[in-house]
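Derivation of every value follows stated rules applied to the coordinates shown; laboratory data play no part. Since the model is a prediction, treat every value here as computed from it, not as a measurement. In this analysis, Cβ positions are derived from the backbone assuming ideal geometry, glycine residues included, and neighbour counts consider all displayed protein chains.
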Amino acid sequence: MTTTRRSLLAGAALAAGLSLAPAFAQTPTEIELFFPVPVDGQLARDMAVLIKEFNTAHPAIKATPVYTGSYDETLIKTRAAMKAGKAPAAVIMSANFLLDLKIEGEIQSLDGLVKADGKTNEQFMGQFFPALHGNAVIDRSIYGVPFHNSTPLLYVNVDHLKEAGLDPEKLPENWQDLVTAAKKLTRREGERTTRWGITLPSNYDYGGWILQALTQSNGGQWFNPEFGGEVYYDTPSMLGALTFWSDLIAKHKVHPSGVQAGGAVSSAFLAGQSSMVLLSTGSLTHIRTNAKFPYKVAFVPKNLRNEVPIGGASLVIPKGVEGERRKAAWTLINWMTSPEKSAWWSRATGYFAPNKAAYDTPEMKAFIATNPDAGVAVKQLDYASAWFATYKTVPVRKAIEDELQAVLAGKKQPKEALAAAQKQADEILRPYVEQTALKLPTQ
Amino acid sequence: MTQAILSARAIGAGESRGRPFWPRGDTALAFGLLAPSLLLLGLFTYAPVVQLVWQALTAQSTIGGPQLFAGLENFRALFADGAFRKALANNLIYALGTVVPSLVLALGLALALVRSTQVNALLRALLFVPVLFPLVAAASIFLFIFLPGIGLLDYHLAKLALSGPNWLGDPDVALYAIMGLTIWKNAGYYMLFFLAGLQGVPADAYEAAILDGANPWQRLRHVTLPYLKPTIGFVMVIGLLNVVTQVDHVFVLTKGGPSDSTNLLLFYVYQQAVETYDVGRAAAGTLVMLALLLAITAGSLRTLERSFGEKEP
């Protein structure tokens, strides 16, 4: 992995060096693609393969992939590059940062490029699953093109189910089923729990996402998808979701207390120390490769309805990328999100291919036939909606995550926690609200 | 280091007697020789500090708009922020809970391994190993050690039929888990300074103490420790600076969570700059940290000089 990264960096340095040389008419347009790897080193290699193929197919463009770390680090590095006046031509950006970037005026609308291709926005976005539109289209303008996406998914250890006398054909569909199954699956030796019935990740970022899934499954909405200045933390739907999570720990005793990091949750599942877990569909490949036991996946159990948020990343073009570089970036974006490439990347990573037509390719049909778990994940997309995004998404999310973590550690009751989170979030959102919804005619 | 400071002072004192208006030849030469590093210092240290001060006084008044002068607003917001006060308090606990135990541990280890035998050399090397890891790497190792249920700690506790706490996921425990990592990481480093310091304790001082009938504890209390004062002072400075400037492990292990219970000042500044995108408040936080660092350094350097004075009356 290090060699790959090093050679990528070397490539990036080389590209930077070359771009200083005077441009001749024949030289290809140089563009850089900033890309995060949220999972592991293998993906960085896959990306290099993908871009190499693109460069061979497009002699007029020379794209350089630049590995930029996690989603958060990619955001930091993009902003730093823009401040230095060297904005990358395209970035694979966490889908819930798009609204923030648009509000701060850091990414450009892609409407003009879509129009130049002779398409309407609806025609262009029509190729992607409807659940993904919410985080890509802001105020009817396209700001991002979905690249790889995910939803939370229930993973179940089939051996444990059989051992506990549960039917592996009937996985928990609602919260009551989930609690009943989790109780049967939990194993104790005296005071010590040796196996937990269910574990949900609750570290920063992951915890907010899972809580959003529970809230939506409970009929709630979490935030106003049309206006970035409102969150619905102190509401009955959220109170139900948070209380349910806290009951799994304190009342039913089927879930470990305190914060569980995402990586620890997948390790616990793979080690057989947790029989059921909620994790991203992005973990599918990891679980499939490493599970030493049969497992099954299912929709996130519901209380009132099946609904989950999407996750993942979109391709964006920063402000300040103009002319030939903008056109080249657009060519790259369209190529990367085409059905074939989208399907290839999906099989390599475990993420969804956002392009619906990807699932009509013969390779993908064969893949789903041999890996039915990937098929379940895609079906859940019909019940998915936009990922939490507001003005200052991360601190607004942290406001509830800090309270969630306090509840999971038994430090606070759900009701007071939600009130505190709402207060904190409203405080962060205040400047935006004052400059938008509360900016009224004074005369 | 202190030696250099002391001699620099001596030079300064010598020069102040009857200095001509125009710099003497050797002063010009001195500045000429210093110019390259002064230039670099100016470009990469002092200029950014000036820029930082300016940033701390500016804020965005309209969203997506430019940074405008805002006076001390950022500092007001900073001290009004519960998360900042929490980070400050955490940092104090963290400072006390890591510097003191690492110092005691390092001194103990140094005393135990002061005699140069082959076994001791091996043990010293082993104890020094944690220092060789970058903090990020060490934190990644501890991620596995602290992993609930499966991790090294819980694995061995399970053999004793015990269940450990959720090391990094319990707000009451997480900061102490991180402190444990820090002590493990730093004690070997500080031991090195104490080993060096112990070489400077004259053997006849011990002989005299033994002749006077001092027991081992009295020898430590009245001979070793007074001679080690400058070393203790120096290690304390290094330790305190580490406490403020190193947060790699927080970044890797907890990101300041659960519920801000492991948030430290530098990580708070990072959050303000990167997550909240509030450059002004991040700059204000940095200045507060800088002031703390300067106070620590100045205070300890003075103590150091004083203890040097005591040693040679």
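Summary of computed values
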item	result
For chain B, the longest site-free run once trypsin sites (Lys or Arg not before Pro) in DSSP loop states with at most 13 other Cβ atoms within 10 Å are removed	B:116-313
Approximate shape of the protein assembly as shown as ellipsoid semi-axes (Cα gyration tensor, √5λ), whole Å, largest first	49, 36, 26
Cβ-Cβ FRET estimate between A:N55 and B:A80, R0 fixed at 41 Å, reported to 0.05	0.20
Point-to-point label distance, B:Y46-B:A208, nm (Cα→Cβ direction, 7 Å offset)	4.7 nm
For the stretch A:234-246, 3J(HN,Hα) per residue [Karplus equation, 6.51 cos²θ - 1.76 cosθ + 1.60, θ = phi - 60°, Hz, x = Gly/Pro]	8, 10, x, 5, 6, 4, x, 5, 5, 5, 4, 4, 5
For the stretch A:399-443, diffusion coefficient by Stokes-Einstein and Kirkwood Rh (Cα), 4 °C, 1.567 mPa s, µm²/s	109 µm²/s
Taking N as its residue count, the alpha carbon Rg of the stretch B:175-255 over 2.2 N^0.38 Å	1.47
Residue (of A:V66, A:V37, A:N135) at the positive-pole extreme of the stretch A:31-164, dipole from beta-carbon charges	A:V66
Label zone at B:L294 (point 7 Å along Cα-to-Cβ), backbone N below 20 Å, the stretch B:51-76	B:51-58, B:71-76
Whole-number Å³ per residue for the convex hull built on Cα positions in the stretch A:70-188	180 Å³
Distance in nm between pseudo-label sites at B:A158 and A:S70 (7 Å out along the Cβ direction from Cα)	2.6 nm
Those GluC sites (Glu not before Pro) in the stretch A:141-192 that DSSP places in a loop and that have at most 13 other beta carbons within 10 Å	A:E169, A:E191
Computed FRET value (nearest 0.05) for B:L225 with A:A80, which takes r as the C-beta separation and R₀ as 60 Å	0.80
Using distinct alpha-carbon pairs, which all enter the 1/r mean, Kirkwood radius of the stretch B:233-313 in Å	14.3 Å
At most 11 other Cβ within 10 Å, DSSP loop - GluC sites (Glu not before Pro), the stretch B:205-308	none
Ascending count of other beta-carbon atoms within 10 Å, so fewest first, for A:L239, B:L157	B:L157, A:L239
Rounded tilt (10° steps) of A:2-20 against the dominant C-alpha axis of chain A	30 degrees
Rg [Å, one decimal], Dmax [Å, integer] - the stretch B:36-147, C-alpha atoms	22.8, 68
Net dipole in debye of the stretch A:192-310 [+1 Lys, Arg Cβ; -1 Asp, Glu Cβ; about Cα centre; nearest 20]	780 debye
Near-label residues of the stretch A:338-373 by backbone N, under 20 Å of a point 7 Å along Cα→Cβ of A:R45	A:344-351
Mean-position separation - Cα centroids, the stretch A:163-213 and the stretch B:203-269, in angstrom	45 Å
Calculated P(r) of chain B - Cα pairs past 33 Å, %	44 percent
Fewest-first ranking of A:S342, B:S61, A:S274, A:S109, using other Cβ atoms within 10 Å as the exposure measure	B:S61, A:S109, A:S342, A:S274
Dipole in debye (nearest 20) - the stretch A:297-390, about Cα centre, beta carbon charges: Lys, Arg +1; Asp, Glu -1	180 debye
Partner lysines for A:K365 [C-alpha distance under 23 Å; skip if fewer than 8 residues away on the same chain]	A:K296, A:K341, A:K356, A:K379
Given charges at Cβ of Lys, Arg, Asp, Glu: the protein assembly as shown dipole, positive-most of B:L160, B:N186, B:P202	B:P202
Inter-label distance, nm, simple model (7 Å from Cα along the C-beta direction), B:A121/A:E191	4.9 nm
Dipole magnitude (debye, nearest 20) for the stretch B:94-244, charges at Cβ of Lys, Arg, Asp, Glu	200 debye
